[in-house]
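So that we are looking at the same thing, I have put the structure below in structure tokens.
The values are calculated or read from the model by the stated rules, or taken from the named source; none is laboratory data. This one's a predicted model, so the numbers in the text were calculated from it and none came from an experiment. Every residue, glycine among them, receives a Cβ derived from its backbone with ideal geometry; neighbour counts consider all protein chains shown. What goes into the accessible areas is simple: the full protein's heavy atoms, side chains included, and nothing from ligands, DNA or RNA. Shrake-Rupley method; radii C 1.70, N 1.55, O 1.52, S 1.80 Å.
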Amino acid sequence: MTKKQRREASARRQQQQGRQRRRPPALLQARDERSVSCTTFNILAPIYKRMDSENCRESQNRANWFSRNEKIIDRLLADRSSIICLQEVWLGNDELVNMYEKRLGEANYMMFKLARTNNRGDGLLTAVHRNYFRVLNHRELLFNDFGDRVAQLLHVESAMPFWQNRSSSCVQQQSLIVNTHLVFPHDHSLSIVRLKQVYKILQYIEAYQEEHKLGPMPIILCGDWNGSKRGQVYKFLRSQGFVSSYDTAHQYSDSEEDAHKWVSHRNHRGNICGVDFIWLLNPDKCRKPLKISWNEAVFGIIKYLLLQAASLSETNAFALLKADTPDDHITYSSFCQALCQLGMVHPDRVNSEELEDLWNEADRDRDGVVDYTEFQANDEAFGFTVKEAVLFPPEVEKGMWPENYSLSDHAPLTVVFSPVRMPCSPRTPRSP
């Protein structure tokens, strides 16, 4: 190779590295002080990355996997996402794990790792930036089925208030975050396994919400779903009210025409497809049984009578409902008394059985009293709007896979969310 050819080759390498490390400009424009962001990325474990020979894996060449993962971390730190969900992290290698823990830890992330079952070597890593969220709880879900797949559930709370309520109290909002990597459908019979894995995730989320008596909150599902928009997993999640954040940001529909507008993966067979998603379910999309819809409507009337007809502030409305109770909460007795004063308790209006149902809906944590937080929660919920979503490298957003992309066989997906108030939709009870 001549000197000129070496210089040109060096320039091309530098240009490629610059593209891989450069932060998407769209995300810079989309973020503001209240926005939060999430990145999902299957980083291709070195034990799976094929080299020139089918019998050789990248894990056999430390220089290669070390350099590639350094560049992956460079990119993650440049993006500075509030939450990072990684799949195919080589958890069986202490040096690689320490690399991620050290550099992400120094950037103020707390990390949660979960290996696949049966010592498969790789697993999940979820990193949460302390400036944006506090982790209230962390759960591990082991599918214990074909493929030894797993999932992580994080219950987080905003580190800073998104807004103030009517009494000028700061409101810290909560969300549920899931990170997973579903089984690859080597044949059609495994499609049902993948669908059941999603079903187990949604069942687990329902059980967790019921166990902790949680009110309405956004749910974000991140990961490598190993299936495209044409598959049943996509259709199932859409039927449950979830939206694909990337498709929402780019105003793509569920139609066949829009199914191939973008890709995020080139698999070991050489096929390219879109399989990496960040799903969002907002509180106003929850399906509600008839009785819960009735309770919600009645609470709307109660709030109207207290806040409008009686010309009370929200704080004074709370004081009216707690009556002479010495502690700062509403009791069942004072609740009934206040509704009687409003003329609502009557066989033709709210009967005794319906009154008890209303109380059970108001007392979300089932401790026998309603504090101000529970009272305010019955008025409104918070959710997210999708401000922007970017795949890297940019060619994949046009349905093409660039040959010079070397970070992984997947494209990282980053979504920027903005908090928004929305009508409160009470939690859906667990299915029998």
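Filter segment 381-394 down to residues that are surrounded by fewer than 18 Cβ atoms within 10 Å (Cβ to Cβ) and either in contact with a Cys (Cβ under 8 Å, 6 or more places away or on another chain) or outside any strand (DSSP E or B) (or both), then give me how many there are.
The number of residues fulfilling the criteria is 1.
With (1) assigned to a loop (DSSP other than H, G, I, E, B); (2) open to solvent by less than 20 Å² (accessible area, probe 1.4 Å); (3) touching a helix residue (DSSP H, G or I) at 6+ places or on another chain (Cβ under 6 Å); (4) at pLDDT 90 or above as the list, and N404 as the residue in question, which single condition is left unmet?
Looking at each condition in turn, N404 falls short on (2).
A follow-up question, please. Please work out which residue is least open to solvent (accessible area, probe 1.4 Å), limiting yourself to segment 133-148 and to residues that are modelled with pLDDT under 95 and on the phi < 0 side of the Ramachandran plot.
Filtering first and then ranking leaves F143.
Out of all the residues in segment 170-179, is one or more assigned to a helix (DSSP H, G or I), open to solvent by less than 30 Å² (accessible area, probe 1.4 Å) and modelled with pLDDT of 95 or more?
The answer is no, given that none of the residues of segment 170-179 is assigned to a helix (DSSP H, G or I), open to solvent by less than 30 Å² (accessible area, probe 1.4 Å) and modelled with pLDDT of 95 or more.
Would you check if R103 is in a strand (DSSP E or B) and at pLDDT 95 or above?
no
Name the one entry in Q232, Q209, Q251 that is among the polar types (S, T, N, Q), within 17 Å of the chain's Cα centre (by Cα) and open to solvent by 10 Å² or more (accessible area, probe 1.4 Å).
On inspection, the qualifying residue turns out to be Q209.
Of everything in segment 57-114, what is open to solvent by 40 Å² or more (accessible area, probe 1.4 Å) and among the basic types (K, R)? Give them in sequence order.
R57, R62, K71, R80, K102, R103, K113
If you don't mind, another one. List every residue pair whose Cβ atoms lie under 8 Å apart, where the two residues are 6 or more positions apart in sequence or sit on different chains, the first residue falls within segment 341-353 and is within 18 Å of L321 (Cβ to Cβ), and the second residue, located anywhere, is open to solvent by 80 Å² or more (accessible area, probe 1.4 Å) and at pLDDT below 80.
G343/R349; M344/I301
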